[in-house]
1. Out of the stretch 168-180, which residues are part of a helix (DSSP H, G or I) and either surrounded by 13 or more Cβ atoms within 10 Å (Cβ to Cβ) or acidic (Asp, Glu) (or both)?
2. When the stretch 70-81 is examined, which residues are found to be in a strand (DSSP E or B) and surrounded by fewer than 18 Cβ atoms within 10 Å (Cβ to Cβ)?
3. From 94, 125, grab the single residue that is crowded, with 16+ Cβ neighbours inside 10 Å and either assigned by TED's automatic domain parsing to the domain that holds residue 43 or outside any loop (DSSP other than H, G, I, E, B) (or both).
4. Can you find a residue in the stretch 39-62 that is assigned to a helix (DSSP H, G or I), under 21 Å from residue 118 (Cβ atoms) and of a type in the set (Val, Ile, Thr)?
5. Yes or no: the stretch 106-118 includes at least one residue that is at pLDDT below 95, of a type in the set (A, V, I, L, M) and assigned to a helix (DSSP H, G or I).
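The values are calculated or read from the model by the stated rules, or taken from the named source; none is laboratory data. Keep in mind the model is a prediction, meaning the values are calculated, not measured. Heads up, the Cβs are rebuilt from the backbone with ideal geometry, glycines too, and the neighbour counts pull from every protein chain shown.
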Amino acid sequence: MSEDFAELFFTDVIVKKIEIREISPCTADPERIKFLAQADRPLEDVLPILYLAIPNAKYSEKLGALSYMHQQHLITIFANGRITMTYVKDRDEANRLVEEARRLINRAFIYLKTHGKPSREMIQAKKELTPVKIYELLPKTNCKKCGEQGCFAFATKLLNGEKRLQECILLDSKEHIACKFQIEKMVSPIRLK
């Protein structure tokens with residue numbers, strides 16, 4: 001099902017608009033901007049889904065906020081529908097990033113509608129995920145083909161979103177493919193297509 005068709009089918013649950021409300025110079029680089037935007041509906045119900053789908057996301061149910069890095073941008077999504085993004089080049093890039101966020105959020109709403117809320121156990125398992133747990137499933141050859149000095153460094157950067165699982169080419173071998181799928185499931189238990 002195409003994304004546009006899915007949005008038509010689930011029109012009652014999706015975010016139709018995210019409006020940029022405030023733009024200011026970025027703290028890290030005054031040549032760039034940061035902005036505050038507001039979705040046309042609360043996002044509380046999809047924060048756990050986004051947390052489970054985005055590998056490097058950090059989620060606080062207590063604060064009602066989810067943060068993650070996307071390219072070089074720090075993105076924070078709040079339960080009340082507020083969204084902030086940093087290190088943005090200009091208004092055009094801001095509009096593109098807002099549209100990407102809207103589509104991602106809508107895929108999470110569609111997931112919620114079709115699959116229900118994720119279990120507490122899934123959320124807890126991701127919160128307890130550590131580089132050591134990932135390292136235990138890696139080949140442990142320290143071959144450096146991923147660009148890191150060793151498998152533990154790769155596991156740490158994978159968990160932080162600085163590396164992608166595909167960068168460990170040894171995981172594609174018959175010997176390690178099951179571990180690759182297990183790591184994928186640990187890092188991103190939910191797939192938002």
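1. The initial filter retains those residues of the stretch 168-180 that are part of a helix (DSSP H, G or I), namely 169-172, 177-180.
Passing the criteria: 170, 171, 172, 179, 180.
2. Selection gives 70, 74, 76.
3. 94
4. Just the residues of the stretch 39-62 that are assigned to a helix (DSSP H, G or I), to begin with: 44-53.
Subset that is under 21 Å from residue 118 (Cβ atoms): 44-53.
Add one more test, that the residue is of a type in the set (Val, Ile, Thr), and what stays is 46, 49.
Yes, the stretch 39-62 has at least one match.
5. Within the stretch 106-118 (the criterion being at pLDDT below 95, of a type in the set (A, V, I, L, M) and assigned to a helix (DSSP H, G or I)), the answer is yes, since at least one residue qualifies.
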